[in-house]
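*Asks:* This is the structure I have questions about; it appears just below.
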Amino acid sequence: MKTRILTLTPENGEEAARIAADVLAKGGLVAFPTETVYGLGGNALDETAAERIYQAKGRPSDNPLIVHVGSIPAVRPLVKRIPRKASKLMKAFWPGPLTIIFEKSGLVPERTTGGLKTVAVRMPSHPFANLMLKTSPVPVAAPSANKSGRPSTTNAKHVIEDLNGRVDLIIDDGNAPIGVESTIIDLTGPVPVLLRPGHITKEELEAVIGPVETDRAVERESIISKQTETVRPKAPGMKYRHYAPKAPLTVVSGTEENMKAYLSSQSDKKTGILTVEERRDCFPEAFAVLTAGKKNDVLSMERELFDALREFDALPVERIYAEDLSKYGAGEAVMNRLLKAAGGTLINV
Ligand code: AMP
Ligand code: MG
């Protein structure tokens, strides 16, 4: 398949949105920018389009897709009911990086929801995504626009790397401003449950709807002890190995001094190190030092993590060590992705 690549300019947004909406209406696939990561979209109500998304990504068929909408009223036909807490969250955080799980209506095929009776819905705030979704006659199912298992894509170059020739259209709008996927909250049970940490934190959610539980499977301790086999995550996608660069990655945790001493002793010309900008010059023994943001700047870490993980793949490194970024103020979202990229491998030094 020939993939059309369309770069956004200050002038062509509306035209690009019409072109994208047209591809979607005809059952085609469009990779598009959102404020979190790039999405790989297809008609959420069309089983064949959903099937094509799974195929393009090589995604396991039990891993449901998030349905994207352009307005709050567009949620109504997709779900059985809208709980009061969902209304509050939509009002507080939409458009934005929050995905809410509802009981699905008959309109949404199970192919889209990986066989589940529930559906994940989000309204992105990215201006192009929002315009495209408002223009599209159908809601858009869109997982992250990467090959399954690889880091999510935060710019069009990475999308092209993974999906060129597998989708109809790629919309290029440069770097995604947030860089980690949306926070996911499940409102179908008696207590709200956080299924995936993201830019919107548990505390921010609790300020609007009161107590929120966290799915045990996404907690640091569960990932480190590799309990994803026994503690089954409620978001099916969280059980898969994810985000992994090609060389094995180990997270190293300790005081700044201990991490530096350990990493220096382990480094050689085949070693890559992931740290924060302020520590770039601390590891001259390593082949490459890449950085994911600055100390105590959560957003910079979110924005740069996936980019750095992908960058290692272009380098001749055979092992990668990442410093425990929580020591530099990284939040749950970054630590969840980093530990998953390491397959839960963490050593304390
Ligand atoms: P991605 O869009 O690639 O970030 O993947 C979507 C994530 O949302 C995966 O982790 C899915 O398992 C999760 N998800 C989507 N729909 C549901 C649902 N109905 N219930 C629980 N998790 C879901
Ligand atoms: Mg994904």
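The values are calculated or read from the model by the stated rules, or taken from the named source; none is laboratory data. Note that the coordinates shown come from a computational prediction; the quantities given were computed from them, not determined experimentally. Please note: Cβ atoms are built from the backbone with ideal geometry, for glycine as well, and neighbour counts cover all protein chains shown. For the accessible areas, the whole protein counts, side chains as well, though only heavy atoms, and no ligand, DNA or RNA atoms are used. Shrake-Rupley method; radii C 1.70, N 1.55, O 1.52, S 1.80 Å.
*Asks:* Can you check what the net charge comes to around residue 291, using other residues whose Cβ is under 13 Å from the Cβ of residue 291 (Lys, Arg +1; Asp, Glu -1)? Intermediate values should be presented prior to the final figure.
*Replies:* Working: positive: 279, 280, 294, 295, 303; negative: 277, 278, 281, 297, 304, 307, 311, 323.
Taking every other residue near residue 291 into account, the sum is -3.
*Asks:* Now for a separate question. For helix 47-57, report the angle its Cα long axis makes with the longest principal axis of the Cα atoms of the chain; keep it between 0 and 90° and round to the nearest 10°.
*Replies:* 20 degrees
*Asks:* Further question: Could you tell me what % of all Cα pairs in region 1-75 have separations over 18 Å? All intermediate terms of the calculation are to be shown ahead of the outcome.
*Replies:* Numbers: 1230 of 2775 pairs.
Tail fraction, whole percent: 44.
*Asks:* Per residue of region 18-27, what does 6.51 cos²θ - 1.76 cosθ + 1.60 with θ = phi - 60° give for ³J(HN,Hα)? Whole Hz please, x for Gly and Pro, Karplus curve as stated.
*Replies:* 5, 4, 5, 4, 5, 4, 5, 4, 8, x
*Asks:* Normalised by the empirical 2.2 N^0.38 Å for globular proteins, what value does the Cα Rg of region 110-252 take? The partial results should precede the final answer.
*Replies:* Working: Rg = 16.7 Å, N = 143, 2.2 N^0.38 = 14.5 Å.
Normalised Rg, Cα atoms only: 1.15.
*Asks:* Compute the Rg/Rh shape ratio of region 26-175: radius of gyration over Kirkwood radius, all on alpha-carbon atoms.
*Replies:* Answer for region 26-175: 0.94.
*Asks:* Now for a separate question. At 1.4 Å probe size, with no ligands or nucleic acids counted, give the accessible surface of residue 52 in Å², nearest ten.
*Replies:* 70 Å²
*Asks:* Would you please calculate the Kirkwood hydrodynamic radius of the chain over all C-alpha pairs and express it in Å, rounded to one decimal? Write down the numbers at each step before the final one.
*Replies:* Details: mean 1/r = 0.0489 Å⁻¹.
Kirkwood radius, the chain: 20.4 Å.
*Asks:* Now, a different point. Taking every pair of alpha-carbon atoms in region 90-152, give the share separated by more than 20 Å as a whole percent.
*Replies:* Numbers: 743 of 1953 pairs.
Looking at region 90-152, the distances longer than 20 Å represent 38 percent of pairs.
*Asks:* Take residue 80 and residue 349, extend 7 Å from each Cα along the Cα→Cβ direction, and tell me the distance between the two endpoints in nm.
*Replies:* 5.2 nm
*Asks:* I'd like the accessible area for residue 242: 1.4 Å probe, protein heavy atoms, all chains in place, Å² to the nearest 10.
*Replies:* Per-residue accessible area (residue 242): approximately 40 Å².
*Asks:* Suppose the chain between residue 103 and residue 7 were pulled fully straight at 0.36 nm per residue; how much longer would it get relative to their current alpha carbon spacing?
*Replies:* Numbers: separation 96, 0.36 × 96 = 34.56 nm, distance 3.68 nm.
That pair, residue 103 and residue 7, stretches by 30.9 nm at full extension.
*Asks:* Among 86-93, 26-33, 139-146, what's the highest-first ranking by average C-beta atoms within 10 angstrom per residue?
*Replies:* Ranking the peptides 86-93, 26-33, 139-146 by packing returns 139-146, 26-33, 86-93.
*Asks:* Using only the Cα atoms of region 34-98, construct the convex hull and provide its projected area averaged over every direction, in square nanometres to one decimal. Numbers along the way, then the final one.
*Replies:* Details: hull surface 20.7 nm².
So the Cα hull casts an average projection of 5.2 nm².
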